[in-house]
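Asker: If you scroll down you'll find the structure; I have some questions about it.
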Amino acid sequence: MTDARQTIDNEVKSNDVVLFMKGTPQFPMCGFSGQVVQILNYLGVSYKGVNVLEDEGVRQGIKDYSNWPTIPQLYVKGEFVGGCDITREMFQAGELQQLFADKGIKVEQSA
């Protein structure tokens, strides 16, 4: 296993909610990452943001890890949820909130 894959695997398995994104939760570097951050912050979900711009290996590695070509990527309890569009659609339909509830992740607010 490469270092990047091991880093990714560790982040996914050791954090209940992790967002691989461009930038940080405090300073997203792309609109798509920013939208997912807004959704998670709105819901009050505790999560870890991983800035893929800091490590090219992780930036490419996360695409291989999930077999998903774009960033951001949201993982909940080790399971790949999706990118910006899927996360937004799930949020609007109430499915994201239900997923968090099903996985035992505290949501401060529901839509």
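Asker: How much accessible area per residue does the chain have, counting only protein heavy atoms and a probe of 1.4 Å, in square angstrom?
Answerer: Details: 6060 Å² over 111 residues.
I get 55 Å² per residue for the chain.
Asker: Quote the charge dipole size of the chain about the Cα centre in Debye, to the nearest 20; the model charges only the Cβ of Lys and Arg (+1) and of Asp and Glu (-1). Walk me through the numbers before you get to the answer.
Answerer: Details: 10 positive and 14 negative charges, 23 e Å.
So the dipole magnitude of the chain works out to roughly 100 debye.
Asker: Still on this structure: Label 7 Å along Cα→Cβ of R59; region 1-16 residues with amide nitrogen under 17 Å?
Answerer: Those under the cut-off are 4-5, 8.
Asker: Relative to the longest principal Cα axis of the chain, at what angle does helix 84-93 sit, 0 to 90 degrees, rounded to 10?
Answerer: Once rounded, the angle reads 20 degrees.
Asker: Now for a different question. Could you grab the relative contact order for region 38-93? Cα pairs under 8 Å, six or more apart, rounded to a whole percent. Could you put the intermediate results ahead of the total?
Answerer: Numbers: 29 pairs, mean separation 11.6, N = 56.
Relative contact order, region 38-93: 21 percent.
Asker: Out of the total accessible area of region 45-111 (probe 1.4 Å, heavy atoms of protein only), what percent is carbon and sulfur?
Answerer: Here carbon and sulfur together make up 42 percent of the probe-accessible area.
The values are calculated or read from the model by the stated rules, or taken from the named source; none is laboratory data. Everything numeric in this text was worked out from a predicted model, so none of it was measured. Neighbour counts run over all protein chains shown; Cβ positions are idealised from the backbone, glycine included. When the accessible area is computed, the model is the full protein with side chains, heavy atoms only, and any ligands, DNA or RNA have been set aside. Shrake-Rupley method; radii C 1.70, N 1.55, O 1.52, S 1.80 Å.
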